[in-house]
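Asks: Below: one structure in structure tokens.
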Amino acid sequence: MIKRLFDWLKQPLGLIAVGIGFLAVFSVAAYGLSTTQKAPEQPIQFPHKTHIAFGIQCLYCHPGAAKGPAAGIPSQAKCWACHQQIAKTETSELLAPLKEAVESGTPIQWVPVAQVPDFVHFNHRAHIAAGKNCEECHGDMSKVTIAENPQVFNMGFCLNCHIKSAGEDQAKLNKLADCGTCHY
Amino acid sequence: MATVSDLKITELKLSEAEGGKWGMVIDQDICTGCQACVAACAMENNIPFVGDEDSGYGRSMHWIRIERFWEGEYPEVKMTPNQPMLCQQCGSATCEPVCPAFATVHSQAEQLNLQVYNRCVGTRYCANNCPYQVRSFNWRDYQRPEPLPNQFNPDVTVRRRGVMEKCTFCIQRIHKAQDKAKSEGREVVDGEFTAACAQACPANAITFGRIDDPESLVSQLSKQAHGVKHLEELGTFPHITYFKGG
């Protein structure tokens, strides 16, 4: 039975079937991988680069980064403070969801992009206080439309920087490379 | 520049194991056994409700429990005082060397026994090797019907099935207090924060704080002559002192 199967696979038609099978598996895997590299769908195609070009600081919209664990996503009230004075807000199709959110009072359901798993406890404040700039982890936002991650936030990424910033200071290294600093 | 391999896993020095950083004092003479600490701990640390069936199998999950024993022979039996039992955060812990996945490690920075949930593969060696029997294992993904998920503490990981867990000395509160102190440019003050069990105790039987600070309340209390450390003879260097019959 198995010998007959192998014999069939060895003829040209069988080889083509094997090739198609391999291609199918490979393309599904490649598609699966590509979905993890794409920025998620957002309710509004928020252009980071336009806002940064106007000179708006990161901390104006994400003030939590300097104060606590979460940087925060602004409510539509903050967007509206500027946007109600801009004529384009009334006409632009892209901004229609913002106008609707303000009028109905329902929050915009933004999709978080930069995330860490539940068992990791990240604190923005400590990183800003240590002199890190936003773009060191989140990339240059003046070049992107919808926020996307320039790198995967995995433990190697965090730990490399922690060890580098500890330098020769053993006490600081103990603290920064300690499991309990992030996992609890 | 130092690398991960340079992290010195030196032999734990005895003085270091004895010293520690965070400690607790529990006064059994004022403990009424009201279980407020047990409830507070479960709420603070997202401990699941196991239910009667699994509890019957001895799979109940608590990071702190109130123990009571019979003393003497019938009919002259006497109840021992209430004894809150939680992880003793041993300086030389028996749970640590047996973990094949390095999930239960000693924190160099905080001098605590850590449980790293994402490393744990659920061999349960640590729980079997703990002389205080204070580790609990997630035998299932226990159901939390609505609206119970609303009271999750966002600062603590919600553990999944197959993971060991235990008292952390409320390390999330330690980090929060340290972060707050650092943002204000000062050191953490004694009594500024406390563990959930100590906070909930209506009789103030539990005191938590720095034992390496000679000025702190907990280090002064732990020097009292009638203080007892449980199973000290095993060489675990527990960091919780009990008062009984003082």
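Each reported figure results from applying straightforward, stated rules to the coordinates on display, with no laboratory input. Everything numeric in this text was worked out from a predicted model, so none of it was measured. With ideal geometry, Cβ positions are generated from the backbone for all residues, glycine too; neighbour counts draw on all protein chains shown.
Asks: Using only Cα atoms, figure out Rg for segment A:19-59 and give it as a multiple of 2.2 N^0.38 Å.
Replies: Expressed relative to 2.2 N^0.38 Å, the Cα Rg reads 2.01.
Asks: When we measure straight from the Cα of A:Lys49, which lysines land under 22 angstrom away, once same-chain ones fewer than 8 places off are left out?
Replies: Within the straight-line cut-off, A:Lys49 pairs with A:Lys38, A:Lys78, A:Lys88, A:Lys99, A:Lys132, A:Lys143.
Asks: Mind sorting B:Met85, A:Met155 by how few other Cβ atoms lie within 10 Å of their own Cβ, fewest first?
Replies: A:Met155, B:Met85
Asks: Only Cα pairs within less than 10 Å get springs; with that Gaussian network setup on chain B, which residue of B:Lys166, B:Lys229, B:Lys180 has the largest fluctuation?
Replies: Comparing B:Lys166, B:Lys229, B:Lys180 in a Gaussian network model of chain B, the most mobile one is B:Lys180.
Asks: So, one more: Against the longest principal axis of chain A, how steep is helix A:155-166, in degrees 0 to 90 to the nearest 10, with axes from Cα atoms?
Replies: 50
Asks: What residue among B:Ala40, B:Ala177, B:Ala109 has the largest mean-square fluctuation in a Gaussian network model of chain B, using Cα springs under 10 Å?
Replies: B:Ala109
Asks: Take the Cα pairs of chain B, get the Kirkwood Rh, then feed it into Stokes-Einstein at 10 °C and 1.306 mPa s and tell me D in µm²/s.
Replies: The Stokes-Einstein estimate is 83 µm²/s.
Asks: With the radius of gyration and the Kirkwood radius both derived from the Cα set of the protein assembly as shown, what is their ratio Rg to Rh?
Replies: 1.07
Asks: Tell me the Kirkwood hydrodynamic radius of segment A:1-119 in angstroms, computed as one over the mean inverse distance between distinct C-alpha pairs.
Replies: Details: mean 1/r = 0.0523 Å⁻¹.
For segment A:1-119, inverting the mean 1/r across all distinct Cα pairs yields 19.1 Å.
Asks: Can you put B:Glu76, B:Glu44 in order, fewest other beta carbons within 10 Å first?
Replies: With the sparsest Cβ surroundings first, the list reads B:Glu76, B:Glu44.
Asks: Give me a single rounded figure for B:101-112: the average over its residues of other chain Cβ atoms within 10 Å of their Cβ.
Replies: Details: counts 0, 1, 2, 1, 4, 3, 7, 9, 11, 6, 0, 3.
The per-residue average across the peptide is 4.
Asks: Can you put A:Ile108, A:Ile20 in order, fewest other beta carbons within 10 Å first?
Replies: A:Ile20, A:Ile108
Asks: Please report, in whole Å³, the volume per residue of the convex hull around the C-alpha atoms of segment B:87-194.
Replies: Values: hull volume 13.7 nm³, N = 108.
So the per-residue hull volume is 127 Å³.
Asks: For chain B, set up a Gaussian network in which alpha carbons nearer than 10 Å are linked by springs, and say which option among B:Tyr125, B:Tyr142, B:Tyr74 fluctuates the most.
Replies: Evaluated over chain B, the most mobile residue of the options is B:Tyr74.
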